[in-house]
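Since the structure comes first, as structure tokens, the remarks are kept for the end.
Throughout, read-outs are computed from the coordinates displayed, never taken from laboratory work. All of these numbers come straight from a predicted model, not from anything done at the bench. FYI the Cβ positions are ideal-geometry reconstructions off the backbone, even for glycines, and counts take in every protein chain you see.
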Amino acid sequence: MQKTILITGGAGFIGSHVVRRFVRNHPGYRIVNLDKLTYAGNLENLTDIENEPNYSFVKGDIADQEFINELFSRHSFDGVIHLAAESHVDRSISGPMEFITANIIGTVNLLNAFKEQAGNNEGKLFYHISTDEVYGSLGSEGLFTEETSYDPGSPYSASKAGSDHMVRAWHHTYGIPVVISNCSNNYGPNQFPEKLIPLAINNILNSKPVPVYGKGENVRDWLYVEDHAAAIDLVFHRGLTGETYNVGGNNEWRNLDLVKLLCKIMDRQLDRKPGTSAKLITFVKDRAGHDMRYAIDNSKITSALGWKPSVSFEEGLDRTVRWYLENEKWLEGVLSGDYRDYYHKQYTER
Ligand code: NAD
Ligand code: DAU
């Protein structure tokens, strides 16, 4: 039977990899990609699949309840894979309200519309994509498990924690079928150059300083974006209703070590003298409330669903750097806003 799946945030970094994977690997599904096309959403990420018969795009804002209700009256969605969100911690520190609106109100609008439509819930699923940041910050020991208490530190992570709670409340109270996954830091092609890895690549490419917050001692657990998309595919099809799955790469790096490795790869790929890029590393003022360490225990998804990361960090970083060097036009398009203006003109909101 053909299913109709709504993917929100499909023009963004992770969402575009998820949309591509579902359009290609599940030709029996009709994929509807809903995205507001903020600065982070860019349909240039999906030109290779935009004409596939099982794909369509709708421009719109999940925080607009009337629009969401109208969309759900036009389509009967069997599943929702919800990625749309404001996603950058630094932006949440300088402007938290957009995060509350998109991440909390937006999620509740989708839950309400889905609740009205779900009927007897047969074959339906609301899948919420979340972050390991909801668990707060670790010291030098330990890992986040699915049982770790929530302790979000930034406006971004608090808004994601709020949305996770809403999803669980709609399951508990109204009985809608939900599943949640909480993932560690993703990297790979198509990530907006404000996040550490693409920002550093872009700055090294242009011989600009590479800002490292504080002493560069904070630790993140990195996962190649296609491995996350594979985990999402698996959880959507085989995850148990009401469950949470942590997703992570078992791949912890101190920021400074990561940036130094990136500098080496950039020197090699740009044919620069070894040590050239590392000279650009510049220590800057720390992020307010900067979480020290994130690290995921991924044993539940590994043992219950058989998922494991398939791309090593060296291979993933090498591929990522190559992609950015081969796609300088993409970098210029997202940074100048030219793509955004172009695609906004192509689509009207209703
Ligand atoms: P991103 O910023 O690259 O993309 C977000 C997308 O959502 C964009 O296309 C944007 O246009 C869209 N969007 C934002 N507000 C919207 C709104 N109000 N209505 C409709 N669309 C809207 O983000 P990402 O890094 O791809 O993250 C995707 C999801 O995964 C987010 O929910 C994020 O919290 C989660 N996540 C990200 C990471 C990571 O490392 N990037 C890790 C774990 C979880
Ligand atoms: O853990 C998952 C989260 O990872 C996701 O939920 C978020 O959406 C995603 O943005 C990411 O959050 P981080 O804050 O960890 O990612 P960011 O790339 O912004 O920063 C990674 C680390 O690098 C962090 O310790 C801050 C530091 N940093 C970041 C930037 C942008 C720097 O030292 N310099 C920088 O210029």
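When Rg is the radius of gyration of the Cα atoms in segment 156-281 and Rh is its Kirkwood radius, what does Rg/Rh come to?
Details: Rg = 18.6 Å, Rh = 16.9 Å.
Checking Rg against Rh, the ratio lands at 1.10.
As a proxy for reagent exposure, ranking Met292, Met166 by other Cβ atoms within 10 Å from fewest up yields Met292, Met166. Here the spin labels are modelled as points 7 Å beyond Cα on the Cα-Cβ line, and at Leu335 and His165 they lie 3.9 nm apart. Note that segment 241-250 has calculated 3J(HN,Hα) couplings of 4, x, 8, 10, 10, 7, 10, x, x, 6 Hz, one per residue in order, obtained from phi through the Karplus relation 6.51 cos²θ - 1.76 cosθ + 1.60 (θ = phi - 60°); glycine and proline are x. In segment 128-219, the alpha-carbon atoms span a convex hull of 127 Å³ per residue.
May I ask which of Lys36/Lys124; Lys279/Lys329; Lys308/Lys329; Lys285/Lys329 have a Cα-Cα span longer than 28 Å here? The partial results should precede the final answer.
Working: Lys36/Lys124 24 Å; Lys279/Lys329 26 Å; Lys308/Lys329 33 Å; Lys285/Lys329 31 Å.
Distance filter (> 28 Å) returns Lys308/Lys329; Lys285/Lys329.
Each 5 Å bin from zero up to the one holding the largest Cα-Cα distance in segment 241-350 carries the following percent of pairs: 2, 9, 11, 13, 14, 15, 14, 13, 7, 1, 0. Dipole magnitude for segment 177-297: about 720 debye, using +1 per Lys or Arg Cβ and -1 per Asp or Glu Cβ, origin at the Cα centre. Relative intensity of the chain on a log10 scale, I(q)/I(0) at q = 0.07, 0.08, 0.15 Å⁻¹, equals -0.28, -0.37, -1.38, per a Debye sum over C-alpha point scatterers of equal strength in the absence of solvent.
The ranking of Lys215, Lys273 from fewest to most other beta carbons within 10 Å of each one's beta carbon is Lys273, Lys215. Dipole of segment 264-350 computed with +1 at Lys/Arg Cβ and -1 at Asp/Glu Cβ about the Cα centre; of Tyr294, Tyr347, Pro274, farthest Cα towards the positive end is Tyr294. Coupling constants for segment 82-95 follow from the phi torsions by the Karplus curve (6.51 cos²θ - 1.76 cosθ + 1.60, θ = phi - 60°), and in residue order they are 9, 10, 4, 5, 7, 10, 9, 4, 4, 5, 5, 6, 7, x Hz; glycine and proline get x. Residues whose amide H lies under 5 Å from that of Ile7, counting only those 5 or more places away or on a different chain, are Val32, Asn33, Leu34, Ile81; hydrogens are built 1.01 Å from N in the peptide plane. Charging the Cβ of each Asp and Glu at -1 and of each Lys and Arg at +1, and nothing else, the dipole of segment 119-220 about its Cα centre rounds to 400 debye. Each residue of segment 206-211 was assigned a 3J(HN,Hα) from its phi angle through the Karplus curve 6.51 cos²θ - 1.76 cosθ + 1.60 (θ = phi - 60°); the sequence is 9, 6, 9, x, 9, x Hz, with glycine and proline shown as x. Taking the Kirkwood radius as Rh and the Cα radius of gyration as Rg, segment 130-178 has a ratio of Rg/Rh equal to 1.05. Here's how it looks for Arg293: its modeled amide H is under 5 Å from those of Leu138, Val219, which are all 5 or more places away or on a different chain.
A Gaussian network model of the chain, with springs between Cα atoms under 10 Å, assigns the largest mean-square fluctuation among Tyr324, Tyr187, Tyr174 to Tyr174. Database remark: amide H of Thr131 closer than 5 angstrom to the amide H of Cys183 (H placed geometrically; neighbours at sequence offset of 5 or more, or on other chains; Pro and chain starts carry no H).
Using only Cα atoms, what is the ratio of the radius of gyration of segment 104-147 to 2.2 N^0.38 Å?
Values: Rg = 15.8 Å, N = 44, 2.2 N^0.38 = 9.3 Å.
Ratio of Rg to 2.2 N^0.38 Å for segment 104-147: 1.71.
Show log10 I(q)/I(0) for segment 206-270 at q = 0.11, 0.12, 0.14, 0.26 Å⁻¹, two decimals, from a solvent-free Debye sum over equal Cα scatterers. Listed by q, the Debye log ratios stand at -0.43, -0.50, -0.62, -1.13. So for segment 1-115, what percent of the C-alpha to C-alpha distances run longer than 16 Å? In whole percent, the share of Cα-Cα pairs in segment 1-115 beyond 16 Å is 57.
For the chain, give the magnitude of the charge dipole about the Cα centre (Cβ charges: +1 Lys/Arg, -1 Asp/Glu; no others), in debye to the nearest 20.
On the way: 36 positive and 45 negative charges, 104 e Å.
Value, rounded to 20: 500 debye.
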